[in-house]
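For reference, the structure discussed in these notes is given below.
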Amino acid sequence: MMREEMPDVTTAIGDFAPDYAIPPGATLIEVLDDQGMSQSDLARRTGLSKKHVSQIANGRAAISVDVALKFEKATGVPAHVWNNLESRYRERVARADEATRLQKEVDLLDEMPIAEMVRRGLLTKRTKPAERLREVYAFFAVSDRNALLATWATTLAEFRNSRSHKPDHWAATVWLRLGELSASEITTEPFNLGLFRSALDKARALTTETDPRSWHPKLVELCAASGVAVAVVDEVPGARTHGAARWLAPEKALIQLSIRYRWSDIFWFSFFHEAKHVIDLSKRVAVLEYTGKVQSEAEQAADKFAADFLIPPEQRDRLCEIDTPAAAVRFADVLGIHPGIVVGRLQHDGWWRHDQGNQLRQRLRLVERADV
């Protein structure tokens, strides 16, 4: 083939994308044969050793950027074609190696809540285990098993969970990752502790609103203005999570909540509980994980903060005097909170039975990912 016809050939070479790995040396041999040039001729024209050219032709040596430029001058095939051939070949080899590695790691899928992840559209319905594992790694934004374990085995969050059941680690981790993804869609101002404390006062007043479609966006907006993303993510079965607080960046905190028991008073208690962690752990990237039945001092402090923030200590002695739903409503009006919060406290402290006054409590439901 004449040299002037090479542009058409290079276009064909550049566009050719087989689904198997072809070493660039195979194309080099074809080009040399087409031009009537031997490997010795190419070595002489490029200043490379015969051994080096032979290694490239046999796929034992890579085509460097410098060599690609030399080949361009000697063959007329542009350097970018040689570079692309080399790059694609190396990528295909790497993907083949990855497929082999993934196949050896598919046992990890047995530990994951795969069915739930498929149900939520986080994974496709592919049946090949290696492909599914690749999707799992992509969901967690990690490259391989070691990276997954290093990033998530000691989860950088302190999350409240059921004290009567042991949580499923990976179910909880999927839930936490969903919180990260949800928070990434929330634009926040740089964290400001003073503004956050002010936001909590305003959030307390939101408890009196009955429509989550009204108070939820207000809560998100209030906290975002102080540097805290609030994400509501439905519980992943087995996670047994109420809430989590952590730092996604030095200037952005995350309060993540589920509505596991569907009661608004539990939701608000969890919110203020996690807010205490944000206040105490300001500017820290991570906090210790809590998974045991015995509460740490930090957990006890967060519980006390939430309880006292909703019902001030100076009003606590009046709880024992509340004996009817009407009295609970009047007390809630005085405090400026939803009466369901009063009922929840009365039940928790043992003044009322757990089936008493529930008509004043509000049930929540998730409409979409970020709604309650």
Could you work out how far apart the two model spin labels at Glu111 and Glu221 are, taking each label as a point 7 Å from the Cα in the direction of the beta carbon, and quote it in nm? 4.4 nm
Mean separation of Cα contacts under 8 Å (6+ apart) over length of segment 48-136, as relative contact order %: 17 percent
Any aspartates and glutamates with Cα under 15 Å of the Lys218 Cα? List them, leaving off those in the same chain fewer than 8 positions away. Asp201, Glu209, Asp371
Taking θ = phi - 60°, what integer Hz values does the Karplus form 6.51 cos²θ - 1.76 cosθ + 1.60 yield along segment 204-215, in sequence order, with x for Gly and Pro? 4, 5, 5, 4, 7, 6, 9, 9, x, 5, 9, 7
Could you check how many percent of all C-alpha pairs in segment 158-360 are farther apart than 20 Å? 56 percent
Order by neighbour count: Asp97, Asp349, fewest other Cβ atoms within 10 Å first, most last. Asp97, Asp349
May I ask you to list the GluC sites (Glu not before Pro) in segment 98-154 that are in a DSSP loop and have at most 10 other Cβ atoms within 10 Å of their Cβ? none
Sequence of Ser264, Ser182 once ranked by neighbouring C-beta atoms within 10 Å, starting from the fewest: Ser182, Ser264
Roughly what would the spin-label model give for Asn58 and Thr127, points 7 Å off Cα along C-beta, in nm? 4.4 nm
Once phi is turned into ³J(HN,Hα) by the Karplus curve 6.51 cos²θ - 1.76 cosθ + 1.60 with θ = phi - 60°, what whole-Hz value does each residue of segment 313-324 show in order, with x for glycine and proline? x, 5, 9, 5, 5, 7, 4, 5, 8, 7, 10, 9
On full extension of the chain, what length is gained from Val118 through Ala249, given 0.36 nm per residue of separation minus the C-alpha to C-alpha distance? 44.2 nm
Over 18 Å (Cα to Cα) among Lys104/Lys125; Lys202/Lys252; Lys104/Lys128; Lys51/Lys73; Lys252/Lys304 -> Lys104/Lys125; Lys202/Lys252; Lys51/Lys73; Lys252/Lys304
As a footprinting exposure proxy, order Arg361, Arg95 by other Cβ within 10 Å, with the fewest listed first. Arg95, Arg361
In nm, to one decimal, how far is the Glu185 label point from the Ser38 one, both placed 7 Å along Cα→Cβ? 6.6 nm
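Quick note: the coordinates plus some simple rules give every number you see, no bench work behind them. What you are looking at is a predicted structure, and each value in this text was computed from that prediction instead of being measured. Methodologically, a virtual Cβ is constructed for each residue, glycine included, from the backbone with ideal geometry; neighbour enumeration extends over all protein chains shown.
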